[in-house]
Every structure is written in structure tokens, then in C-alpha cells.
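Accompanying notes for the structure given below.
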Amino acid sequence: MIPSVQVSVIQNPGASSAQVVPAVMRVIRNLETEFPGIKFEVAYDNAHFVDILFDNVWHELILAVILTAIAVMFFLGEWRGTLIALVTLPTSLALAVLMMVPFGMTFNSGTLIGLLLSIGRLVDDSIIDIHAVERHLRMGKDPKTATIDGIAEVRLAVIASTLMIVIALAPLLFAGGITQMMFRELVWPLIFGLLASMLVSFTLTALLCANLLRHEEARDADRRHPVLRWIYLLVDPFQRLLDRLERGYGRSLRWALGNRFINLCRVLATLILGLAFYYFIGSEMMPLADTGQAVGFLEMEPGTSFAGTEAAVKKLEAIMLKHPELEKASIEVGAETMFESWTPFFTGYQMPQVNGAAMMLTFSDKDKRKRTIFQLMDTIRAEALRTIPGIRRLQIKEMGSDVMATAAAPIHVNVYGPDLQELDRLGRETLQVAEKMPEMFQPGRTWTLGLPDYRIQADPQRAQEVGLSPAAIAQQAYYALRGGLTNEFWRAPNLRQNTILVRYEQEDRARLEDVESLYVTTPDGRQILLKSVARVERASAPTAIEHDGLKRVIGVTGYYRIGSLPSMDVVMNLVANTYGGSKKLGVEPVNFPPGYGMEMRGDMTQMMDSFRRLLTGLALSLVLMYLVLVVQFRGFLQPLQMIASLPLELSGVFIALWLAGQAFSTVSILGIIVLTGMDITTAVLLIDMIMRTRDTRAASRRTADAPQTAMDAGRAESAPGRPPSVVERDEAIIEACPQRLRPILMTAGITLVVMLPVALAPKTGLDAYQPLATAVVGGLLMGTILSLYDIPIMHTYVDDFLRWLHRTFLGREYVWKHPETDDQPTPPGPAGPEEAPARA
């Protein structure tokens with residue numbers, strides 16, 4: 001590292017790093033050509049991380065498409081349906097990207113993750129359509145008729161399932177605060193993908209199904225094809241497995257319907273067990289991410305000269321260069337101007353003063369090194385504190401891949417009170433507590449007493465004798481110590497406006513004797529020593545005076561690490577140990593006088609606000625989804641069984657986070673919101689098929705003018721004590737649900753295939769979304785499996801409740817009736833009292 005002049009180029013908020021950085025590099029190359037003596041080196045390049053992120057996300061997108069194609073082939077079991085899905089998937093993706101254009105959106109980490117999340121759903125609508133058309137083809141219909149009837153059968157279910165997820169996500173777009181900033185560009189592409197998938201299923205999927213899908217005879221010919229034959233050798237065993245699963249699911253569902261109380265106890269036990277895991281996973285604002293970039297701040301003891309700071313920085317540079325993982329470093333040694341205390345640093349951190357330095361570090365991609373960025377930062381800091389004397393504070397923070405990338409320390413508590421001396425004591429003792437906590441990394445406090453402060457007390461009588469006022473003495477002393485600017489002047493040949501800072505050299509004002517020996521000028525032009533007209537005292541002043549809520553505060557900050565306690569738990573432990581002490585750590589309680597106290601800041605306040613906004617959005621989503629389901633199912637009770645099944649997904653989420661060693665965060669809540677829409681989709685598919693089957697059976701019963709079919713009558717006789725209508729309901733459930741098993745498993749399987757790489761081994765730039773993928777994987781696994789049983793059982797409870805309402809308040813029995821015959825008179829029969837309107 002060599003001394004240099006740093007030039008920072010900051011792009012406009014709406015600009016793209018991928019376009020700005022190459023343009024800047026072209027200008028730099030032109031300058032090097034024009035001025036051969038100038039050498040430019042890039043110390044920090046935002047495009048470095050952007051390029052890595054884009055490569056990794058595009059890799060995940062391509063991998064997701066390939067895995068989706070393989071999954072579709074295995075689930076559908078024939079190449080024609082797979083071809084349809086492979087055509088509709090990129091079409092939906094392209095349409096979603098096209099929808100982003102009017103909104104001025106660009107490709108970034110948020111939008112690309114949104115598109116990645118949508119892949120599992122982009123083929124969902126087409127898969128449901130294909131499966132429905134194939135079922136009608138097996139009935140002997142021609143392809144066009146099967147396409148019309150099959151897609152018409154599931155059209156409302158497809159619309160409802162898409163709207164469920166859109167409604168679940170929409171409140172996040174208007175949540176406000178940092179929550180909206182974090183998730184806006186992720187949610188929009190996801191919504192666009194869902195809408196594009198629905199539009200493609202309306203049009204392109206139907207067209208392809210009518211022209212490509214064939215009866216079994218044509219498929220037998222495909223199996224004799226020399227290339228396709230090998231594919232079917234791999235696919236057919238999986239198809240036979242799915243057939244066995246459907247039959248086994250029907251048998252297990254029959255048992256579950258006959259043992260509803262046992263299943264209800266199992267649901268409650270699962271819910272309680274899953275929620276209990278919440279207390280073992282902790283909470284944080286955003287997950288830590290290893291992006292390979294870090295920002296640091298070095299502060300020497302107050303009063304350290306510029307030369308002393310520079311010497312310490314050179315030692316720090318030598319320590320950093322020992323690590324081959326470091327690719328670039330830019331260290332800016334403290335400013336020595338009259339503006340040193342307030343000039344802003346371009347990252348958002350304060351410009352270092354004469355005793356400080358700011359640094360930007362770039363490490364190699366995490367896939368190319370064995371140590372994480374956190375291990376490197378802690379190793380560098382530990383060696384620096386051990387070998388470099390005079391360091392008051394050294395903190396190095398990773399730059400994440402989200403909106404919190406340049407935020408301050410995640411762990412931050414403010415000690416408030418009126419007196420600076422007392423605040424300094426409380427801050428020092430609180431820091432001592434933090435330093436003994438093993439889960440607290442790089443603790444520090446925001447300011448300290450000890451800044452050299454010269455207090456000049458003028459002697460009024462002596463000053464009057466020489467013709468000086470106290471104000472004149474103070475002004476001359478100020479200019480000597482802090483400096484003053486000359487008048488502006490123009491300098492040829494470029495006629496630039498210039499000014500000069502005039503003040504004593506630092507070595508001429510470093511000691512008390514130097515200050516006393518300063519000369520002041522009297523009105524008659526004589527120069528006399530400052531100590532002849534004033535008394536100079538040296539005192540200690542705070543390095544900064546901070547206020548929070550109109551109260552003086554001192555902050556104690558720190559960081560946490562992956563594998564240790566998350567930020568919220570660390571803050572709570574710090575507060576508890578400060579107020580109550582800890583025998584385990586060997587610390588006594590800090591004594592807070594009246595008027596002094598501690599408040600939590602940092603991630604804690606952001607976290608509480610974000611959690612509140614996200615949970616409010618989730619509650620609003622549930623209300624809106626319920627209203628949409630009421631419209632679709634023409635009743636208020638049927639949708640309740642779908643909403644009531646949602647808490648079960650939380651068990652899977654919390655257990656998955658605990659197994660993965662991840663904390664509950666804002667992205668986890670986003671995963672729960674996405675899961676909510678997915679689980680509602682499963683419920684919609686099951687209930688829609690159950691109701692259609694019951695409608696068909698009711699219509700058949702009325703056509704035959706009989707209370708039940710002969711087959712169901714036989715079953716009713718074998719189930720003493722159960723009304724025939726209950727037996728018919730259960731048989732309709734057992735008949736309907738296995739028909740929806742394959743598309744439900746297919747949708748869940750594709751989503752799992754897409755999310756598992758992000759959940760298990762995320763690449764650079766995707767770290768921050770790992771808990772989202774983990775939440776989706778865990779919630780989807782448990783939610784899908786449980787919903788296959790719990791939704792039908794909840795349907796029977798709702799049905800029983802309707803029967804009770806009819807008997808209690810209407811005095812007649814409840815019978816399911818086909819909606820097309822609800823308003824038509826029913827012919828009299830032996831079961832006349834049962835023939836009341838049934839749809840709730």
C-alpha cells in the first residue's frame with residue numbers, strides 16, 4: 001500500500017452499477033493515456049459484488065429451470081406434458097420481466113430472487129391444467145374436448161390459488177418504512193410471475209394441450225421410440241410409485257376420517273411442538289451475509305497526532321497483508337482540516353478525525369477461500385489490538401447484500417443521563433460487561449472523555465492594559481489552534497477559485513507550554529505571549545456529544561456472528577447483565593443513579609418496527625384471502641377450514657430454522673407469507689375437488705331419484721350408527737382427494753427443488769435469503785403433508801357443524817345439494833326433511 005489521493009465516484013440512486021462502473025473505467029483509461037505519470041488503482045468497486053451476485057443468481061435460475069424440467073418429467077410421466085411445461089416456464093418468466101419495464105425496475109439481488117422464488121409457481125398453473133386434461137383424456141374424450149372440459153374444471157381453482165399468493169404479498173408493497181424498502185423489489189417480480197403464469201395458462205397452455213396431448217395409444221407408440229424408450233425406463237418406476245401413493249393415500253385417508261379425534265390430537269401436538277421451537281431459534285433483523293466486502297473504522301486514543309495515527313495504520317496494513325484472501329484495501333487516514341469533525345464519509349460513516357482512519361476492504365469470493373469474512377475480520381482485529389498500542393476502538397463490519405448493508409452496528413444500547421462525567425462512567429462499565437460476554441464481538445463505545453481541551457481564561461485587567469478584549473484573545477487563539485481561511489482568490493491559468501487554511505503546525509500546538517507561548521497581536525501591532533494576558537488550562541472533553549430524544553447518551557455497540565446468538569438475544573442479554581449482573585460472567589450490576597438508564601437501539605428497534613409491519617401485513621392478507629374464498633365457495637364456513645390449517649405450517653418453519661441453526665428474521669416472515677399463499681392453494685385444490693365430487697354425487701342421486709347409490713348404500717349398511725349422508729360425504733372425500741395428490745406433490749416438489757440449493761448452500765449474494773428458503777422448505781414439507789389429511793378432516797367438522805345448525809335452528813336435516821339445483825323444488829321422498837338448502 002502506498003500513499004495516494006482517493007477519488008470517490010458515487011452513482012445516482014436510479015443508476016445501475018453494471019453501467020456506471022464500466023463508464024468510469026473508460027474515463028480512467030483515457031486519463032492514464034493522457035497523463036502517463038498518473039497511475040489509477042481501483043480500491044473499491046461496487047460492481048465487483050454485483051457481478052458475483054448476478055453470476056450466482058443466474059446460475060441458480062438456470063439450475064432451477066433444469067431441475068424443474070426433470071421434476072415435471074418424473075411427475076407427469078410423459079414427454080408431451082413436460083414439453084408444454086418447458087415452453088410455458090420461460091414464456092412466463094419473459095412475460096414477468098416484461099411487466100417490470102413500466103415500473104422502471106432493473107435486475108438486482110431483490111428482483112432476481114423474486115424471479116427465482118416464482119419458478120416453483122410458474123409451472124404450477126400449467127401442471128394443474130395438464131393433469132386435469134389428462135384425466136379427461138382417460139375418460140375417452142378427444143384432445144380438444146378434454147382440454148376445454150379439463151381446464152374449465154380447474155379454472156376457478158387456478159384463479160383462486162394465484163390470487164391467494166398475490167393477496168398474501170400485496171400488503172408488503174405498502175408496508176412503509178425499511179420493510180417496504182427491503183422487499184419491494186423482491187415482491188413485485190414474484191407477483192408479476194404469478195400473474196404471467198395465470199395468463200399463460202389461460203392461453204398458451206390450453207393451445208398446447210389441445211395440440212400435443214394424446215390418448216394412451218399414442219403414448220404407447222412414444223414408448224417404442226429408440227430415444228424416448230430410455231427416458232420412460234427411468235420415469236415409469238416413479239409413476240408406479242405415485243400410483244401406489246395415491247392408493248395408499250386413499251386408504252390412509254379412510255382411516256383418518258374414521259379416527260378424527262386421534263388426528264385432532266395429533267394436530268394439536270404438532271402445533272404445540274412446533275411453536276415450542278420458536279424459543280430456541282432466537283431473532284435478528286437480517287441474516288448475516290458473506291459478500292466479501294467490509295468497512296472498518298480505527299480510532300486511536302484522543303490526542304494522538306496525525307503522524308501517530310499514520311504509523312498505526314501502516315502497522316495495520318502489514319497485518320492485513322498477511323492474509324492472502326484480501327484482494328483490495330483502501331485506508332483513509334484522519335483528516336487534518338478545520339472541518340475534521342463533521343465532513344461525511346461516502347459510505348455513510350463519519351469522516352475520521354486526526355486520530356482515526358476509515359477503511360474499505362475487498363476479499364476474494366467466499367467460494368474461493370476457506371475462512372469466512374467474519375473469521376478474517378476478527379483475526380485482523382485481534383492481532384491489531386494485541387500488537388498496536390494506543391488503539392481506543394477498532395471495528396470492522398461486513399457489507400451485506402441487502403438494504404442494511406451500510407447500517408451501523410446491529411447491537412447498540414444507549415445509556416442516557418444529564419452529566420457527561422457520569423455517562424462516561426456508565427458507558428465504561430457497560431462496555432466492561434459487554435467485553436465479558438462471549439456472544440458479543442468487537443464491543444466498543446461511541447465516545448469517551450479524554451480529548452485534549454485547552455481552556456483559556458483571559459485576565460480582564462491585563463488584557464485591558466494592552467488594549468485587548470477577551471473576545472479578541474479568544475478569536476486569535478482559535479485561529480492559531482484551529483486555523484482560518486484566507487479570502488478567496490483566482491489562480492491562473494485555470495482560474496480556479498482557491499482559499500488557504502492558515503494555522504500553526506501541529507508540533508507547535510501539541511503541548512500546554514506551546515499553547516501558552518502563542519503570540520497574540522495588540523491593537524498597536526505589538527506581539528505578546530498568550531500566557532501574559534490569559535491563564536491556559538488543559539482539560540479532558542468528550543470526543544463527541546450525542547443526543548437521542550433530546551437526552552444526552554453514550555452508545556455501547558457490538559456485533560454478533562453466525563453460529564452464535566442472534567442480535568436480539570445478544571441485546572437482551574447485555575441489558576440483563578448490565579442491570580442484574582451475572583455470576584457466570586463474574587460481573588456486578590451497574591449502578592444507575594436516578595435520571596439515568598438504558599435504551600435498546602440498533603437492530604432491536606428496526607426489528608420491532610419491521611416485525612410489526614410484516615405481521616400487520618400478514619393479518620391483512622388473511623382477511624383479504626378469506627373474503628376472496630368466501631366469494632369463490634359461496635359461503636362463510638368453507639373458507640374457515642382453509643385459514644385454520646395455516647398455523648400448522650409454522651411448526652415446519654420453526655423446526656427447519658432450528659435444525660439449520662438459523663434465527664427468526666424479517667426474511668423468515670416473508671417466507672411465511674409466501675407459504676401462506678402456497679398452503680391456501682393446496683387447500684383450495686382439495687376443497688374444490690371435494691365439493692365438485694359431492695356436487696356430482698348429489699346430482700346423480702337426484703337423477704336416480706334415490707337417497708344414495710347402491711354402492712354407498714352397501715357401505716352405509718356396513719357402518720352402523722352413521723347416517724348415509726355422512727358415509728356419502730366421506731366416500732366423496734376419499735374419491736376426490738387422491739385425484740389432487742399428484743398436482744399438489746408436483747407443485748411442492750418443484751418448489752423444494754428450487755429452494756433447497758438456496759437453503760442448504762447459498763452462493764455469494766444469496767446468504768441473506770437463506771432463512772427465507774429454509775422457512776419455505778420446512779413449512780412446505782410439513783404443511784403439504786399435514787394439509788392432505790387435515791383439510792379433509794376440517795371439511796368433515798365444518799359439515800358436521802352445518803348439520804348441527806340445521807337440526808338445532810331449522811329443525812331439519814342437512815343434505816348436500818348440487819348448486820345448480822339449489823333453487824329448484826325437490827321431489828318429495830322418504831327423506832323429505834333432509835332436503836334443505838345445503839351450501840353454507
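Read-outs throughout are calculated quantities, based only on the coordinates presented, and are distinct from any laboratory measurement. Predicted model, so just to flag it, every value in this text is computed and none were measured. Neighbour counts run over all protein chains shown; Cβ positions are idealised from the backbone, glycine included.
Once divided by 2.2 N^0.38 Å, the Cα radius of gyration of the chain becomes 1.26.
A DSSP coil position with no more than 12 other Cβ atoms inside 10 Å describes the following trypsin sites (Lys or Arg not before Pro) in segment 536-600: Lys583, Lys584. State, as an integer percentage, the relative contact order of the chain based on alpha-carbon contacts under 8 Å between residues 6 or more apart. RCO, the chain: 17 percent.
What the Cβ-Cβ distance of Gln11 and Leu326 gives, at R0 = 22 Å and to the nearest 0.05, is a FRET efficiency of 0.30.
Between Arg807 and Leu31, 0.36 nm times their residue separation minus their Cα-Cα distance comes to what? Write out the running numbers ahead of the final one.
Numbers: separation 776, 0.36 × 776 = 279.36 nm, distance 8.98 nm.
Roughly 270.4 nm would be gained on extension.
Placing dummy labels 7 Å off each Cα toward the beta-carbon, the span from Ile62 to Lys583 is 6.1 nm. By the count of other C-beta atoms within 10 Å, a proxy for reagent exposure, Glu435, Glu429, Glu60, Glu41 are ordered fewest to most as Glu41, Glu435, Glu429, Glu60. The HN-Hα couplings worked out from phi for segment 670-687 by the Karplus form 6.51 cos²θ - 1.76 cosθ + 1.60 (θ = phi - 60°) are 4, x, 5, 5, 4, 4, 4, x, 5, 5, 4, 4, 4, 5, 4, 4, 5, 5 Hz, whole numbers, x standing for Gly and Pro. Straightening the chain between Ala307 and Leu212 buys 26.3 nm, computed as 0.36 nm per residue apart minus the Cα-Cα spacing. For segment 1-113, a/c is not less than 1.5, where a ≥ b ≥ c are the root eigenvalues of the C-alpha gyration tensor, and a/b tops b/c. That puts it in the prolate class. Between Leu550 and Tyr479, the distance separating the two model label sites (each 7 Å from Cα on the Cα→Cβ line) works out to 4.0 nm.
Spin-label model, Ala761 to Lys368: label points 7 Å out along the Cα-to-beta-carbon direction sit 1.9 nm apart. Residue order for Phe809, Phe238, Phe441, fewest other beta carbons within 10 angstrom first, comes to Phe809, Phe238, Phe441. Inter-part distance, segment 544-606 to segment 198-232, computed on C-alpha centroids, equals 64 Å. So which of Lys315/Lys370; Lys315/Lys366; Lys328/Lys551; Lys315/Lys551; Lys368/Lys436 end up more than 32 Å apart, counting from Cα to Cα? Over 32 Å apart, Cα to Cα: Lys328/Lys551; Lys315/Lys551; Lys368/Lys436. In this structure the amide hydrogen of Ala544, modeled in the peptide plane, comes within under 5 Å of the amide hydrogens of Thr448, none closer than 5 places in sequence on its chain. In whole percent, what relative contact order does segment 452-542 give with Cα contacts below 8 Å and a gap of six or more residues? With pairs under 8 Å counted, the relative contact order is 40 percent. Treating cross-link reach as a plain straight distance, find the aspartates and glutamates whose alpha-carbon is under 16 Å from the alpha-carbon of Lys584, omitting any fewer than eight places away in the same chain. Filter leaves Glu435, Glu439.
Among Lys328, Lys366, the order by Cβ neighbours within 10 angstrom, fewest to most, reads Lys328, Lys366.
Given charges of +1 on the Cβ of Lys and Arg and -1 on the Cβ of Asp and Glu, with all other atoms neutral, how large is the dipole of the chain about its Cα centre, in debye to the nearest 20? Please report the intermediate quantities before stating the final value.
Details: 78 positive and 86 negative charges, 226 e Å.
That gives the chain a dipole magnitude of about 1080 debye.
Computing FRET efficiency as 1/(1 + (r/R0)^6) for Phe40 and Glu317, where r is the C-beta to C-beta distance and R0 is 25 Å, gives about 0.80. Other residues within the sphere of radius under 15 Å centred on the Cβ of Tyr44, judged by their own Cβ, net out at -4 (K and R +1, D and E -1).
Given a Förster distance of 51 Å, report the FRET efficiency between Asp453 and Val24 from their Cβ-Cβ distance, rounded to the nearest 0.05.
0.75
Between Asp142 and Leu512, the contour length at 0.36 nm per residue exceeds the alpha carbon distance by 123.1 nm.
Under 18 Å from a label point set 7 Å out along the Cα-to-Cβ vector of Met572, the amide N atoms of segment 649-679 belong to 654-655, 657-659, 661-669. In terms of its C-alpha gyration tensor, segment 212-318 comes out oblate, because a/c is 1.5 or above while a/b does not outweigh b/c.
With θ taken as phi - 60° and the Karplus curve 6.51 cos²θ - 1.76 cosθ + 1.60 applied, the whole-hertz 3J(HN,Hα) list for segment 596-612 is 10, x, 9, 10, 8, 9, x, 4, 4, 5, 4, 5, 4, 5, 5, 4, 4 Hz, x standing for glycine and proline.
What separates the Cα centres of segment 41-103 and segment 505-535 is a distance of 72 Å. Straight-line cross-link reach from Lys141 at under 17 Å between alpha-carbon atoms covers these aspartates and glutamates, not counting any fewer than eight positions away in the same chain: Asp129, Asp149, Glu153, Glu216, Glu217.
Sparse packing (at most 14 other Cβ atoms within 10 Å of the Cβ) combined with a DSSP loop state is found for the following trypsin sites (Lys or Arg not before Pro) in segment 1-48: Lys39.
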